[in-house]
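The values are calculated or read from the model by the stated rules, or taken from the named source; none is laboratory data. What you see is a predicted model, and the numbers here were worked out from it, not measured in a lab. Don't worry about glycine lacking a Cβ; one is built from the backbone with ideal geometry, like all the others, and counts go over all protein chains shown.
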Amino acid sequence: MLINGERTAAIDGRTFAVMDPATGETIASLSLGGIEDARTAVDAAEAAQPDWGKVSPRDRAHVLATAARLVRERVTALARELTREQGKPLREATDEIRGTANVLEYYAGLGSTFRDEFHRLGPDLDAQVLRQPIGVCAAVIPWNMPALLFAWKAGPALLCGNALVVKPASTAPLTPLALAGIFHEAGLPGGVLNVVTGPGEVVGEALVTEPRVRKVSFTGSTATGKRVMALAAADVKRVTLELGGSDPMIVCEDADLAAAVAGAIAGRYYNSGQVCTAVKRLYVHEAVADEFTRRLTAAVGQLPLGSGLAPETRMGPLNSAAGRDRIRGLVDETREGETGTIVIGGGEPEGAGHFYEPTVITDVAEDSRLLREEVFGPILPLVRVRDLDEAIVRANRSPYGLGASIWTRNPAYKREAASRVEAGIVWVNLHLKVPPEVPFGGTKQSGLGRENGIQALDAWSEEKTVLFRS
Ligand code: NAD
């Protein structure tokens with residue numbers, strides 16, 4: 001844990017092990033925080049926030065810029081640590097750490113745009129809209145992108161003058177702890193940014209139910225997000241929820257198939273399919289479905305599975321045994337129920353580690369769980385469609401609405417998909433990419449509110465209106 005700028009043990013001295021998912025070896029032992037530890041972190045944040053809130057936006061931005069520079073200088077070491085705890089190939093971990101620095105630099109740059117609004121409403125009536133910190137806030141993050149999501153929350157939260165308590169996931173807490181340490185090296189006062197490790201149901205809930213915490217930014221599964229929202233309602237806390245997704249990818253008859261196959265491969269097998277906006281359902285026009293499947297299967301056959309630290313690895317293990325078991329269960333169910341045809345993959349290598357082969361399943365039954373639920377692993381279900389209308393109708397038949405992509409050269413198709421697909425982000429001829437400048441979030445059960453982009457400043461500020469009669 002990191003409280004008040006210091007690495008601290010849990011009050012009751014308990015610890016837990018962090019494992020390398022490629023080998024099953026223990027790589028670290030961390031403090032197992034509890035309710036009292038969460039409270040101590042909130043005490044520290046509460047004490048530190050008023051002074052931090054008074055620091056000028058320019059000076060707060062300077063801390064972010066310095067942290068970004070330190071992250072960039074340490075890309076290699078941070079990426080290695082991320083791969084060891086999370087499993088992703090080193091090249092993806094390196095991308096994520098660079099992306100983390102980019103996000104912090106972006107918010108540092110916004111420091112100079114910070115200003116209150118002024119309105120002259122009449123000859124004797126003026127208004128100011130002040131952008132003030134919310135106060136003590138909590139950030140709960142998952143294990144799949146632990147560095148980037150830490151930056152998505154800490155960057156704008158701290159720029160806006162809040163103090164933050166972060167609860168990382170227990171299977172990827174090392175990189176968030178390292179990043180919090182970097183913030184302190186960059187000059188952040190102790191207590192402004194704290195990290196409490198420990199079980200979500202204990203530490204996470206202690207933060208969500210703590211009356212002094214005024215906002216919760218949660219990224220994780222839809223099931224946990226619903227619980228967080230219900231608990232936060234007791235104090236009418238502000239909540240931002242970034243939840244699960246089941247992104248459709250629509251491939252039209254005129255698509256550049258080579259680009260679409262490359263997009264599906266990166267979109268589904270990046271981070272072993274453990275990305276909220278991964279391509280989770282493929283809807284392919286029947287005129288090109290056979291050719292697309294042939295090319296996709298050939299490309300999937302070229303994805304060497306192995307430890308993320310090995311240079312030749314294109315896909316690492318899943319982050320946990322439980323995640324791998326869920327993927328195995330879904331494939332077994334498909335095989336036994338004959339609700340799809342497994343054209344490649346569908347097995348797991350011998351030996352240690354939570355590995356599962358990259359898998360493609362065609363002819364998927366409409367009521368299969370592969371299409372109805374969020375599948376957080378390397379299975380790609382493919383459905384043939386007659387036309388774009390059918391693709392959009394079927395794409396929208398999901399409780400989720402995070403991202404979606406359409407692959408076509410036709411401007412009318414692009415417009416049609418962009419306006420009708422129910423999603424927070426629609427990509428045209430690409431998938432997955434989210435630069436720091438754009439707002440990000442889901443519709444339907446994929447979430448509430450937006451992070452990233454300049455919009456995040458609104459989500460991390462309290463706007464106060466002041467009216468003046470002269
Ligand atoms: P999860 O919901 O199990 O856990 C997320 C975090 O919440 C962890 O830190 C966990 O310890 C904590 N937590 C668990 N129970 C809690 C509780 N009762 N109260 C408070 N906190 C609690 O999710 P996960 O398995 O770690 O992450 C995968 C999920 O995250 C997927 O559904 C994925 O789509 C989603 N995700 C969404 C986005 C997005 O931006 N929309 C980004 C990444 C991941």
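Could you tell me which residue of region 418-427 is farthest from G441 (Cα to Cα), considering only residues that are in a loop (DSSP other than H, G, I, E, B) and free of Cβ contacts under 8 Å to residues at least 60 places away in the same chain? Lay out the reasoning, then the answer.
First, pick out the residues of region 418-427 that are in a loop (DSSP other than H, G, I, E, B): 421-424.
If we keep only those that are free of Cβ contacts under 8 Å to residues at least 60 places away in the same chain as well, we get 422, 424.
Values: E422: 12, G424: 5 Å.
So, considering only residues that are in a loop (DSSP other than H, G, I, E, B) and free of Cβ contacts under 8 Å to residues at least 60 places away in the same chain, the one farthest from G441 (Cα to Cα) is E422.
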- Query: Is there a residue being in contact with a helix residue (DSSP H, G or I) (Cβ under 9 Å, 6 or more places away or on another chain) and within 16 Å of the ligand (Cβ to nearest atom) anywhere in region 330-347?
  - Reply: yes
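Can you find even one residue in region 177-195 that is among the aromatic types (F, W, Y), within 27 Å of G377 (Cα to Cα) and touching a helix residue (DSSP H, G or I) at 6+ places or on another chain (Cβ under 8 Å)? So that I can check it myself, show each step before the final result.
Going residue by residue through region 177-195, those that are among the aromatic types (F, W, Y) are 183.
Now narrow it down to the ones that are within 27 Å of G377 (Cα to Cα): none.
No, because not a single residue in region 177-195 is among the aromatic types (F, W, Y), within 27 Å of G377 (Cα to Cα) and touching a helix residue (DSSP H, G or I) at 6+ places or on another chain (Cβ under 8 Å).
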- Tell me, which residue of region 428-451 that is within 16 Å of the ligand (Cβ to nearest atom) and in a strand (DSSP E or B) is nearest to E373 (Cα to Cα)? K444
- Those residues of region 452-467 which are in a loop (DSSP other than H, G, I, E, B) and in contact with a Cys (Cβ under 8 Å, 6 or more places away or on another chain) amount to W460
- Message: Considering only region 228-248, I want to know if a residue exists there that is touching a Phe, Trp or Tyr at 6+ places or on another chain (Cβ under 7 Å) and farther than 25 Å from K153 by Cα.
- Response: yes
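Being among the basic types (K, R), more than 15 Å from the ligand (Cβ to nearest atom) and either touching a residue at least 24 places away in the same chain (Cβ under 8 Å) or over 26 Å from V360 (Cβ atoms) (or both) is true for just one of R238, R268. Which residue is that? Don't jump to the end; show me each part of the working.
Details: R268 fails: more than 15 Å from the ligand (Cβ to nearest atom).
Selected residue: R238, the only one of R238, R268 that is among the basic types (K, R), more than 15 Å from the ligand (Cβ to nearest atom) and either touching a residue at least 24 places away in the same chain (Cβ under 8 Å) or over 26 Å from V360 (Cβ atoms) (or both).
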- Item | Unmet criterion (only one of (1) in contact with a Pro (Cβ under 9 Å, 6 or more places away or on another chain); (2) surrounded by fewer than 17 Cβ atoms within 10 Å (Cβ to Cβ)) for A17 | (1)
- Query: If you check L121, L158, L174, which single one turns out to be assigned by TED's automatic domain parsing to the domain that holds I27 and under 18 Å from the mean Cα position of the chain (by Cα)?
  - Reply: L174
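Name the single residue, out of those in region 207-226 being among the charged types (D, E, K, R) and within 22 Å of W152 (Cα to Cα), that is farthest from the ligand (Cβ to nearest atom).
So in region 207-226, the residues among the charged types (D, E, K, R) come out as 210, 212, 214-215, 226.
The next check asks that each one be within 22 Å of W152 (Cα to Cα); those that pass are 214-215, 226.
Details: R214: 16, K215: 14, K226: 10 Å.
Top of the filtered list is R214.
Listed here are the residues, each with its yes/no results for (1) under 28 Å from A108 (Cα atoms); (2) out of contact with any helix residue (DSSP H, G or I) (no Cβ under 6 Å at 6 or more places or on another chain); (3) outside the structural domain of A186 (by TED's automatic domain parsing).
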position	(1), (2), (3)
T15	no, yes, no
E25	no, yes, no
S29	no, yes, no
D43	yes, yes, no
A61	yes, no, no
T76	yes, yes, no
R80	yes, yes, no
E85	no, no, no
- Item | Candidates T76, T83, filtered to the one that is among the polar types (S, T, N, Q), within 22 Å of the chain's Cα centre (by Cα) and surrounded by 20 or more Cβ atoms within 10 Å (Cβ to Cβ) | T83
- Note on the structure: Cβ pairs under 6 Å, 6+ apart or interchain, first in region 201-214 and more than 13 Å from K237 (Cβ to Cβ) and assigned by TED's automatic domain parsing to the domain that holds A138, second within 9 Å of the ligand (Cβ to nearest atom) and not in a loop (DSSP other than H, G, I, E, B), ordered by first then second residue, are V203/K167; G204/V140; G204/K167
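Does V385 meet the test of being in contact with a Ser or Thr (Cβ under 9 Å, 6 or more places away or on another chain) and under 18 Å from A260 (Cβ atoms)? First the steps, then the outcome.
Working: in contact with a Ser or Thr (Cβ under 9 Å, 6 or more places away or on another chain): no; under 18 Å from A260 (Cβ atoms): yes.
Considered against the rule, which asks whether it is in contact with a Ser or Thr (Cβ under 9 Å, 6 or more places away or on another chain) and under 18 Å from A260 (Cβ atoms), V385 comes out as no.
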